[in-house]
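Student: One structure coming up, written as structure tokens, with questions to follow.
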Amino acid sequence: MLCKFKNCSKCNGDLVLDGDEWRCWQCGTYYYPNEPVMDLPLEAREPELVLQGAVSGVGSDVEEEARPRRLRARRRTMTNINSVIMAKERSEQRWWNKNQDIIDRLKQGDSVRDISETVGKGQRQIRGVQERLKDMSVAA
């Protein structure tokens, strides 16, 4: 069986060719191709382009545009890790501030139904807060 791997946009899982459509192994999502899938040749066709790119060095943008897309160097944007940490902390703080009333009532032992009626949020939201608190206590 020949498996051609791609990336699922929903869960970042592996896609496998299932007949004439792609299916994610992890979540089972189906992807239907816009154009008919053609079999690829078994031998590699362009080893010269790879060698030319390696010999020419880093190269300019013009050289990169001339190369086929799959042979271009992959560039990743550098993310300042401190900004990611600060954004996560701000998000956590906003969540605590937004749900402080629910958290206090859960600590008092009120039922989800009572909290839902007094706070004005749905029972599903209250249970979500309850689950997140439980996950935090297990992780700590």
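The values are calculated or read from the model by the stated rules, or taken from the named source; none is laboratory data. Note that the structure is a prediction, hence the values are computed from the model and not measured. A quick note on method: Cβ atoms are made from the backbone with ideal geometry, for glycine too, and the neighbour counts reach across all protein chains shown.
Student: Here is a check on your reading of the model: is N82 exposed (fewer than 12 other Cβ atoms within 10 Å of the Cβ), part of a helix (DSSP H, G or I) and modelled with pLDDT of 75 or more? Even if it seems obvious, please write down each step before you answer.
Tutor: Values: exposed (fewer than 12 other Cβ atoms within 10 Å of the Cβ): yes; part of a helix (DSSP H, G or I): yes; modelled with pLDDT of 75 or more: yes.
Yes: the conditions hold for N82.
Student: Continuing with the same structure: What about I102, is it under 30 Å from S9 (Cα atoms), among the hydrophobic types (A, V, I, L, M, F, W, C) and modelled with pLDDT of 55 or more?
Tutor: No, not satisfied.
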